[in-house]
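K.L.:
The structure is given below, and queries will be raised subsequently.
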Amino acid sequence: VELPAEPLWAEVDQSATIFVSVELRPDTTYSVEVDAELRDVFGQTLSGNRQGSFKIGSFAPMANLDFSGTVLEAEGPHTLPARFRNVESARLVLRQYSLEELLRWQFVERGLLWGGVGSDLASMAGSVGKVIRPGTAPNTERTMPLDLDPAFRGAKRGFVAVQLIRPVVPVEYTSGID
């Protein structure tokens, strides 16, 4: 690793910080050694080599829908891509909306369609859900298509709300919606 010419100096505690830009791998322990020949601004060296180590943990769990509102062709496949990492399962919840429901929501209620982030779409009448098991190795990301047809209930077109929820990991992470 090449050291920068000027480290970040903190007058308060008389310390120098060096930021190293390298891609670190999950679940890996790294060793660092500072050579005794390293000199400070006054030409002083260390009394010997300094060594240390640190460990990078696993990637955070993730279940993401790879879209931000989209139009699907009536005759085409009704699928959306989803990305998974470090989750054994996630819950896919779908609900079809009529044009009347959308117009009422937009112009009368002026609220969030089903309560917004953190709300449970599954608690609404007419929603359908299923458990997705991506089956990936630890720290490996997988993209897979999610079938929206169950929400259409045989229709070829309509409006569908989609929610993908992964289990919450206690203590480390606070939300099951990425």
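K.L.:
So how strong a dipole does the stretch 1-101 carry about its Cα centre when Lys and Arg Cβ are +1 and Asp and Glu Cβ are -1, to the nearest 20 debye?
P.N.:
380
K.L.:
Next up: Which chymotrypsin sites (Phe, Trp or Tyr not before Pro) in the stretch 30-82 sit in a loop by DSSP (not H, G, I, E or B) and have at most 16 other Cβ atoms within 10 Å of their own Cβ? Could the numbers behind the result be given before it?
P.N.:
Values: sites: Tyr30, Phe42, Phe54, Phe59, Phe67; in loops: Phe42, Phe59, Phe67.
The qualifying sites are Phe42, Phe59, Phe67.
K.L.:
Something else now. For the stretch 1-68, with every protein chain kept in place, what is the accessible area per residue (1.4 Å probe, Å²)?
P.N.:
Working: 5720 Å² over 68 residues.
Ligands and nucleic acids excluded, the figure is 84 Å² per residue.
K.L.:
Where does each of Leu99, Leu46 land when they are ordered by accessible area, with a 1.4 Å probe and the largest first? Mind showing how you got there, number by number?
P.N.:
Numbers: Leu99 90, Leu46 60 Å².
So, going from the largest accessible area down, we get Leu99, Leu46.
K.L.:
Please state, rounded to one decimal and in Å, the Kirkwood hydrodynamic radius that the stretch 1-52 gives when every pair of distinct Cα atoms enters the mean of 1/r. Please report the intermediate quantities before stating the final value.
P.N.:
Numbers: mean 1/r = 0.0760 Å⁻¹.
Hydrodynamic radius (Kirkwood, Cα pairs) of the stretch 1-52 is 13.2 Å.
K.L.:
What do you reckon, how do Val34, Val22 stack up by accessible area (1.4 Å probe), largest on top?
P.N.:
The most accessible residue leads, giving Val22, Val34.
K.L.:
Further question on the same structure: Which residue, Pro61, Leu92, Pro77, has the largest displacement toward the positive end of the dipole of the stretch 50-93 when charges sit on each Cβ (Lys, Arg +1; Asp, Glu -1)?
P.N.:
Pro61
The values are calculated or read from the model by the stated rules, or taken from the named source; none is laboratory data. Computed from a predicted model, the values in this text were never measured in an experiment. Neighbour counts run over all protein chains shown; Cβ positions are idealised from the backbone, glycine included. Surface areas here come from the heavy atoms of the whole protein model, side chains and all, with no ligands, DNA or RNA. Shrake-Rupley method; radii C 1.70, N 1.55, O 1.52, S 1.80 Å.
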